Amino acid sequence: MPTNKLLFTKEAESNLAALEADKGLAKRLEAVRKTLGLMEIDLRHRSLQTHKYDSLEGKDGEEVFEAYAENNTPGAYRVFWHYGPGKNVVTIIAITPHP
């Protein structure tokens with residue numbers, strides 16, 4: 001049962017919609033959906049390889065974290081997020097290839 005509620009910024013919604021629209025990215029979309037599902041359950045799940053991402057901050061100065069959707073893949077997708085607003089809420093700020 002999910003313990004975290006995921007909120008998506010407009011950018012993250014757009015990133016996800018672009019993945020859904022491109023049939024050639026079906027495997028990547030599956031990996032991203034799996035990552036989002038794990039994030040709802042356990043942000044510390046081993047396969048997410050979650051860590052702080054120092055090059056970004058949330059709109060209100062929140063610490064931003066990176067979770068892996070793919071690994072050892074050219075252009076591997078990552079999910080960038082921060083805690084809040086509120087308890088057990090996670091804001092997804094971007095879903096993009098590794099910068």
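None of the figures in this text is laboratory data; all of them are computed from the coordinates on show. Quick caveat: nothing in here was measured; it's all calculated off a predicted structure. Glycine also receives a Cβ, built like all others from the backbone with ideal geometry; neighbour counts cover every protein chain displayed.
Relative to the longest principal axis of the Cα atoms of the chain, helix 10-21 runs at roughly 20 degrees.
Database remark: amide H of PHE8 closer than 5 angstrom to the amide H of ILE92 (H placed geometrically; neighbours at sequence offset of 5 or more, or on other chains; Pro and chain starts carry no H).
The C-alpha atoms of the chain define a longest principal axis, and helix 26-41 lies at about 20 degrees to it.
Of LYS23/LYS52; LYS59/LYS87; LYS5/LYS59, which ones are farther than 22 Å apart at the Cα? In this structure, LYS23/LYS52 lie more than 22 Å apart at Cα. A simple count of charges around ASN72, restricted to other residues whose Cβ falls under 15 Å of its Cβ and scoring Lys, Arg +1 and Asp, Glu -1, yields +2.
Between LYS23 and LEU7, full extension at 0.36 nm per residue minus the direct alpha carbon distance yields a gain of 3.3 nm.
Under 5 Å between amide hydrogens, built in the peptide plane, is the criterion, and for GLY84 it picks out VAL89, VAL90, THR91 among residues at least 5 positions away or on other chains. Rounded is the label for the chain, because the ratio a/c of its alpha-carbon gyration tensor axes (a ≥ b ≥ c) stays below 1.5.
Taking the Cα centre of the chain as reference, the dipole from Cβ charges on Lys and Arg (+1) and Asp and Glu (-1) amounts to some 320 debye.
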